[in-house]
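Okay, so here's the structure we're looking at.
Please treat every number below as a calculation from the coordinates, not as lab data. Here the structure is a predicted model, which is why all the values come from computation and not from measurement. A quick note on method: Cβ atoms are made from the backbone with ideal geometry, for glycine too, and the neighbour counts reach across all protein chains shown.
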Amino acid sequence: MFEDPGFLAIFTVLVGVLGGLFGGWLTQPTWLKQGHIAAGFGVAVILGCLLAWRVGTLPTEGSGTDAATEAREDAPTPMPLAAVEQTSTGPSMMPSAAGGEHQSASREGSMRADEVVSAPSPPTPAPSGSPRPQQYLNKMLRAPDNSAYYITSDGTRQSASEIIVDCLKVRRGIGDPVDVSMSELESYPLSSRMAFCLYSKGINFVTEDGSNGYAYVVDRDGFKRHAGGFCVEHPDSPDTPPQYRLYTVPKGELDGHRQGPDWFPSESLCLALPRPEK
């Protein structure tokens, strides 16, 4: 209550009046008593006015520097950038890492970064170029430069020599190569393998013409292995069982076969050799 200017002024006047009365009582002459009382009243009024003016100029609650300081203290604490949640109407405050309680008044229309759903990507255009004609699978094609290729069942093309072309025509019954344009031919990826002559099941021992009986054991996967022996004493005899007979083929017909390890006969290996289909 001592901070109230009106109370201080009244308190000062009362002190001055009491001081004047006390001084007049101490003084014996009447005129001095009256003078002291008047002087006490005057001094009390002047001091009360001065004190009231001084107290009135001091800063009070809600004004000046203290008010600004209190306003800053009441302001919300700035949140880290990661704690600001973007909503459809603007940013709203989310709890900070320190466990703050700043939250948006409404969650409607808001979406966190980990809730963002990406827009569907436009469909990838189909690759340009001619599609691979399915009617040429397991067939032979001839390019404008007269080179020949065998088209496998998986849609790749294998280079084929004229000896291999003749073999495929007869042994696979493919027929003559079909003439196509270069762009149509190149629609089939080129394989790293050459085309090979697929022999009938039961033809296991083969020697090329002019090789002096240098024989190979062949399989239907396109591998050839040097034969270190035979399963019978006379493999070239017409009376030898077909799976053990040695067949002579044109020179170069084994070029498409890949080389495997040498093969040496044994009872188990001979019995495991494929037999002709009945």
| Identity of the residue in the stretch 263-278, assigned to a loop (DSSP other than H, G, I, E, B) and in contact (Cβ under 8 Å) with a residue 12 or more places away in the chain, that ends up farthest from Thr240 (Cα to Cα) | Phe264
| said: Going residue by residue through the stretch 156-168, is there one that turns out to be assigned to a loop (DSSP other than H, G, I, E, B), surrounded by 15 or more Cβ atoms within 10 Å (Cβ to Cβ) and in contact (Cβ under 8 Å) with a residue 40 or more places away in the chain? | reply: yes
| task | Considering only the stretch 212-245, state which residues are in a loop (DSSP other than H, G, I, E, B) and touching a Cys at 6+ places or on another chain (Cβ under 8 Å). | result | Cys231
| remark: Per the filter on the stretch 187-229, residues under 53 Å from the mean Cα position of the chain (by Cα) and of a type in the set (D, E, K, R) are Arg193, Lys201, Asp219, Arg220, Asp221, Lys224, Arg225
| task | Go through (1) buried (at least 17 other Cβ atoms within 10 Å of the Cβ); (2) of a type outside the set (S, T, N, Q); (3) in contact with a strand residue (DSSP E or B) (Cβ under 6 Å, 6 or more places away or on another chain); (4) in a loop (DSSP other than H, G, I, E, B) and name the single condition Phe196 misses. | result | (3)
